[in-house]
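Structure first, commentary second.
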Amino acid sequence: MSRFVFRYFSEVFRPRYEVGQFIRQCYVIGYLSLPLIGITGFIMGLVLTMQLRPSLMSYGVEAQLPVMVSLAIVREIGPVITALIFAGKISSGIGAELGSMKVTEQIDAMEVSGTNPFKYLVVTRVLATTLMLPVLTILSDAISMYGSYLGVNIKGHTSLQLYFIQVFQTLHFGDILPATIKTVFFGFAIGMIGCYKGYNSSKGTEGVGRSANAAVVVSSLLIFIIDLITVQVTDLLGLN
Amino acid sequence: MGQSQTAADKVITIEKLTKSFGTHQVLSGFDLELSRGESIVVLGRSGSGKSVLIKCLIGLHMPDSGSVNVLGNNMLALDQAELDKVRARVGFLFQGNALYDSMTVRENLEFPMRRHMSGVTPADADKRVRETLAHVGLEDTIDMMPAELSGGMQKRIALARTLILHPEIILYDEPTTGLDPITAREISSLMNHTKQTYNTSSIIISHDMKCVEQTADNVAVLVDGRCHALAPYQELARSSDNKVRQFFD
């Protein structure tokens, strides 16, 4: 695995740059994931608001609902849930696709046609996941907050303007930046694990299934480990 | 062949090639020479190292020792850029076709062109793709996906992709395996037609004796990791050597 990661960094800055394939992967990995990420984000915001309301009411701080929900979403729940959904969709997809290409000799065919398959298949996908997950997380956070706004209005009345004024009065740069930076690492891990499992797939179709499965399991676990580390680091830096 | 060949006529020279996977020795001192315009079929039992041999020729496997010279290039001493230049002159037809299943037939054929022919215009690329598809008799499939084609059609498209750069040498890895006898005969005929049209030399891996008879100028028998015998088909068919006879009986 470490050799695979080292190879990625040695190839990523060296020409030839597969720009067309990178843009295609951004479309497939980013744009086509948007509906799923959007729906989960919306439900997450709505449900979280509905669940928090009774607890906050019992303490008499119901007015703080937008603040509580937005902090929870932006700092932790949004990045982690989005990354987990993304890992389930993308990491398994990459693992299965590359695994299938490996066992059907398509990767060898690419190599004999003078293409560097690592650069064409792995570098473009890992770059795309690294770039697209932060973008998707920001969008998911925004949609979650809209879901939360609707949740607030189920049993009360707050205008959209007032809701977002409350939210942005509370959110600080230190809430948003570390959370966004950790999604870069989540995206990198998801892409790298999916590619590694697929690229090193063996034993025919059974191996492809195993690669796809392992890609999801390992990348999901890594998301939590990276999350733990980033919380410690941001704590040390005084950003929490 | 019959006539004497000079060193310049040799497009592939393999000397004392060895390759093992773990403790399993696959090739143990394999020697072979392929002349320009010649077709050699490498005949051997399943698992005898035939596919490993041609993958060593194109740099997909790195031999343990020995030398491989392709079109005047020592394949074991080339850097990646030099290796890619040689690969553009050598076509490889994979046993399972290895068509890119996320691309159309046109995109499959254009893929190697985009890598090696940077100045080609879209119109020229289209013309070349259509000409090559016409050669394999499948012009109508240009916008189809590989999954929509039959096994025989996929084999023809794979051959078209191999031919798109007009290679001097074609390496065929079991080109008729998995095909019905009629389609297999058509593919063998297409291989002969390709040889004449594109003036290619070829190494063909096969244990389909009909294909061997139809396509081989010479047959190399791979036994115990070595080239046990090398002769024209008819000569080997008359051989009394048991290791050769097992393929003909």
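What follows is calculated from the coordinates using simple rules that are stated; it is not laboratory data. Quantities reported herein were computed from a predicted structural model and do not represent experimental measurements. Methodologically, a virtual Cβ is constructed for each residue, glycine included, from the backbone with ideal geometry; neighbour enumeration extends over all protein chains shown.
Laid out as a table, the results:
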read-out	value
Beta bridge orientation in chain B: antiparallel %, DSSP, nearest 5	55
Fewest-first ranking of A:Leu121, B:Leu230, A:Leu222, using other Cβ atoms within 10 Å as the exposure measure	B:Leu230, A:Leu222, A:Leu121
Antiparallel DSSP beta bridges within the protein assembly as shown, as percent of all bridges there, nearest 5	55
Cα-derived Rg over Rh, computed across the protein assembly as shown with Rh taken as Kirkwood radius	1.13
Cβ neighbours within 10 Å from other chains - mean over B:55-66	1
Rg ratio (alpha-carbon, reference 2.2 N^0.38 Å) - segment A:63-139	1.58
Sum of -39500 (n - 2.57) over DSSP H runs of 4+, divided by residues of chain B (222 nm, nearest 500)	-11000 deg cm²/dmol
Residues A:Tyr27 and B:Ile142, FRET efficiency given R0 of 22 Å [Cβ-Cβ distance, rounded to 0.05]	0.35
Highest-first arrangement of B:29-35, A:106-112, A:59-65, where packing means the average Cβ count within 10 Å	A:106-112, B:29-35, A:59-65
Residues B:Glu131, A:Glu97 arranged by fewest to most Cβ contacts within 10 Å	B:Glu131, A:Glu97
Volume in Å³ per residue [convex hull over Cα atoms, computed for chain B]	134
Helix A:173-199 vs. chain A, principal-axis angle (Cα, 0 to 90°, nearest 10)	30
Neighbour net charge for A:Thr115 - beta-carbon separation under 12 angstrom, K R +1, D E -1	+1
Nonlocal amide H pairs with B:Phe92, under 5 Å, H built at 1.01 Å	B:Leu171
Total formal charge among the other residues, if their Cβ is under 14 angstrom from that of B:Tyr172, Lys/Arg +1 and Asp/Glu -1	0
Alpha carbon centroid spacing (whole Å) that separates segment A:40-103 from segment B:155-216	55
Cα-based helix-to-principal-axis angle, B:181-198 vs chain B, degrees rounded to 10	80
Filtered trypsin sites (Lys or Arg not before Pro), segment A:194-231: DSSP coil and at most 16 other beta carbons within 10 Å	A:Lys203
